[in-house]
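Before any comments, here is the structure.
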Amino acid sequence: QVSLVESGGGLVQAGGSLRLSCAASGRTFSGYVMGWFRQAPGLDREFVAAIWWTGANMRYADSVKGRFTISRDNDRNTVYLQMNSLKSEETAVYYCAAKFGLYSTYWRSYDYWGQGTQVTVSS
C-alpha cells in the first residue's frame, strides 16, 4: 500500500543538473525521515541526502554538499533532490526511501523504498 515512486532520472552531461522527484503515498509520513540513496554498478548503496517530513532538518553526504539540495512539498506529498554540477562518477540508480524516527545513513535501516530511477552522467 505504501508507495514511493521516483521520477526525473535520465541522461545528463557532466556539469549539468537534474531534479529527481519522489511521490509518496499510502500513509502519513509525519515522524519519518525521507532519504535519497544511490547505487552504482558493482558498488554498495550509499547515502546521499535526507530531509525530515516535518520541520527543516536536512542532512547531506560530504561528497554532495554544496551541489545537491533536498527539499519537499508536503501539499504534493513529494520529495525532491536537485542535483547540480553532476560528475560522471555519480552515474547510479537513485532511490527514495523512508525511515521512521531516528535519522540514519545506513540504508538497511530504512522501512520503505521506491523502485529507483536511473541517472547517467556522460563525460
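FYI, it's all coordinate maths here, none of it is from the lab. Nothing here was measured: the structure is a model prediction, and the numbers come from that model. Virtual Cβ from ideal backbone geometry, glycine too; neighbours counted across all protein chains shown.
Looking at the chain, I'd like the Rg to Rh ratio, where Rg is from alpha-carbon atoms and Rh is Kirkwood's inverse mean 1/r.
0.94
Hey, what do the phi angles of segment 60-66 turn into as Karplus ³J(HN,Hα) couplings, whole Hz, using 6.51/-1.76/1.60 and θ = phi - 60°, x for Gly and Pro?
9, 5, 4, 5, 10, 4, x
In nm, what is the difference between 0.36 nm times the number of residues separating Asn74 and Ser122 and their Cα-Cα distance?
Stretched fully, the Asn74-Ser122 segment lengthens by 14.0 nm.
Calculate the dipole size of the chain relative to its Cα centre from +1 charges on Lys and Arg beta carbons and -1 charges on Asp and Glu beta carbons; express the result in debye to the nearest 20.
I would put it at about 140 debye.
Would you grab the residues whose amide H sits under 5 Å from the one on Arg72? Only those 5+ places off in sequence or on another chain, please, with H modelled 1.01 Å from N.
Those qualifying (amide H under 5 Å, at least 5 residues apart or on another chain) are Tyr80.
Near the amide H of Leu86, under 5 Å away, which other amide H atoms are found, from residues 5 or more places off or on another chain, if H is placed in the peptide plane?
Under 5 Å from the amide H of Leu86 lie the amide H atoms of Gly15, Gly16, each far enough along the sequence or on another chain.
In a Gaussian network model over the chain where Cα atoms closer than 10 Å are linked, find which of Leu18, Leu81, Leu102 has the largest mean-square fluctuation.
Most flexible of the set in this elastic network: Leu102.
With the crude spin-label approximation of a point 7 Å out along Cα→Cβ, what separation in nm comes out for Phe100 versus Asn84?
According to this spin-label approximation, the distance is 3.7 nm.
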